[in-house]
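Okay, handing you the structure first.
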Amino acid sequence: MANNGELRLQHEFLSPAQVCELLPGINPHTLAMWRYRGRGPKFHKMGRVVLYALDELNEWIENGA
């Protein structure tokens, strides 16, 4: 927690749609199938919302996606 009482996130998060904009040829269905099969970049769920941490996505890409 920051000194002024604000909660700070450790990561910048992207929605699946934003990830698809960054990765040519990848669509939301592909991301969903990767999540189902345990493949693809690491993701986080907050309730029903799926999010991808930008730094983790970059690491996944750098490691050969």
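No lab work stands behind these numbers, since they all come straight from the coordinates. Please read all numbers here as calculations on a predicted model, not as lab measurements. Here the Cβ is made from the backbone with ideal geometry for all residues, glycine too, and neighbour counts use every protein chain on show.
Are any residues in region 23-49 part of a helix (DSSP H, G or I) and either free of Cβ contacts under 8 Å to residues at least 12 places away in the same chain or within 13 Å of Trp60 (Cα to Cα) (or both), and if so, which ones?
His29, Thr30, Met33, Trp34, Tyr36, Arg37
I've got another one for you. Give region 33-65 a look and list any residue that's within 11 Å of Pro16 (Cα to Cα) and of a type in the set (Phe, Trp, Tyr), or say none.
Listed by number, the residues that qualify are Phe43, Tyr52.
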